[in-house]
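**Q** Structure below; questions to follow.
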Amino acid sequence: ADLDALPATEAVFNEIAYEGVTITALIQAAGFDPAQVKAIKAVAVDGFTVNYDPNQVLVEGVIVAYARTDGDLAAEDGDFRMVLPDAEGKLNPRMLVELQVIQ
C-alpha cells in the first residue's frame, strides 16, 4: 500500500514490462538523501543478496517492481523484484524482501 502512494513507472527486463517505483523515489520516501548513499543492498527471501553502487540503481529506469504491466508478478518473482533493465540476471533478484541503504 505504501508503494501505491509513490509515482509508478515502468521498466523492461528480458522483454517483460514491469511496473514499480524507482529506487530513488523509494529511498527518498524512507527519509534518505540519495546524495549521501554509499551503497544499497537487495536481500531476497532465500538470503541471496546483491550489493549495488548508487550509480547503478539511483537512475531512471531502475525499479522495485510490484507488478507486470499486464498483471501480477509471476509466482517465482514473489511480491517484489529488482528490475535493472540493462543488467545481467543476477543483478535483478526476485523475491525481494529488503533494501538496505548504507550511508
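**Q** Could you provide, to the nearest whole Å², the per residue accessible area of the chain with probe 1.4 Å?
**A** 56 Å²
**Q** In addition: Report, please, the projected area of the chain averaged over directions, based on the convex hull of its C-alpha atoms, in nm².
**A** Averaging across all directions leaves 6.0 nm² for the Cα convex hull.
**Q** Also, quick follow-up: Using amide H atoms built 1.01 Å from N in the peptide plane, name the residues 5+ places from residue 97, or on other chains, whose amide H lies under 5 Å from its own.
**A** 43, 44, 45
**Q** Contour minus end-to-end for residue 74 and residue 41, with contour as 0.36 nm per residue of separation and end-to-end as the Cα-Cα distance?
**A** Stretched fully, the residue 74-residue 41 segment lengthens by 9.6 nm.
**Q** Round to a whole angstrom and tell me the spacing of the C-alpha centers of the range 1-35 and the range 57-103.
**A** About 9 Å separates the Cα centre of the range 1-35 from the one of the range 57-103.
**Q** Also, quick follow-up: List every residue whose amide H lies under 5 Å from the amide H of residue 13, counting only residues 5 or more places away in sequence or on a different chain, with H placed 1.01 Å from N in the peptide plane.
**A** Close amide H contacts, sequence-distant or interchain: 18.
**Q** Quick check: residue separation of residue 29 and residue 98 times 0.36 nm, minus the Cα distance between them. What number comes out in nm?
**A** 23.4 nm
**Q** Continuing with the same structure: Please give me, ordered by residue number, the chymotrypsin sites (Phe, Trp or Tyr not before Pro) of the range 1-67 that lie in loop per DSSP and have at most 13 other Cβ atoms within 10 Å.
**A** 48
**Q** Keeping all protein chains in the complex and leaving out DNA, RNA and ligands, what accessible area do you get for residue 90 with a 1.4 Å probe, in Å² to the nearest 10?
**A** Here the accessible area works out near 130 Å².
**Q** If you don't mind, another one. Considering only protein heavy atoms and a probe of 1.4 Å, how much of the accessible area of the chain is carbon and sulfur, as a whole percent?
**A** Carbon plus sulfur share of accessible area: 46 percent.
**Q** Along the range 28-34, what does the Karplus equation 6.51 cos²θ - 1.76 cosθ + 1.60 (θ = phi - 60°) give for ³J(HN,Hα), rounded to whole Hz, x for Gly and Pro?
**A** Result, rounded to whole Hz: 5, 5, 7, x, 9, 8, x.
**Q** Still on this structure: Taking the Cα centre of the chain as origin, work out the dipole magnitude from +1 charges on Lys and Arg Cβ and -1 charges on Asp and Glu Cβ, in debye rounded to 20.
**A** So the magnitude is around 380 debye.
**Q** Let me ask something else. Would you please name the GluC sites (Glu not before Pro) within the chain that are DSSP coil residues with at most 14 other C-beta atoms within 10 Å of their C-beta?
**A** 15, 60, 88
**Q** Then there is this: Hey, can you grab everything whose amide H is under 5 Å from the amide H of residue 67? Only 5+ residues off in sequence or another chain; H modelled, so Pro and N-termini drop out.
**A** Residues meeting the criterion, in which the H sits 1.01 Å from N, are 19.
The values are calculated or read from the model by the stated rules, or taken from the named source; none is laboratory data. As the structure is a computational prediction, the values presented were derived from the model and not from experiment. Methodologically, a virtual Cβ is constructed for each residue, glycine included, from the backbone with ideal geometry; neighbour enumeration extends over all protein chains shown. Protein only, heavy atoms only, side chains kept; ligands, DNA and RNA dropped before computing areas. Shrake-Rupley method; radii C 1.70, N 1.55, O 1.52, S 1.80 Å.
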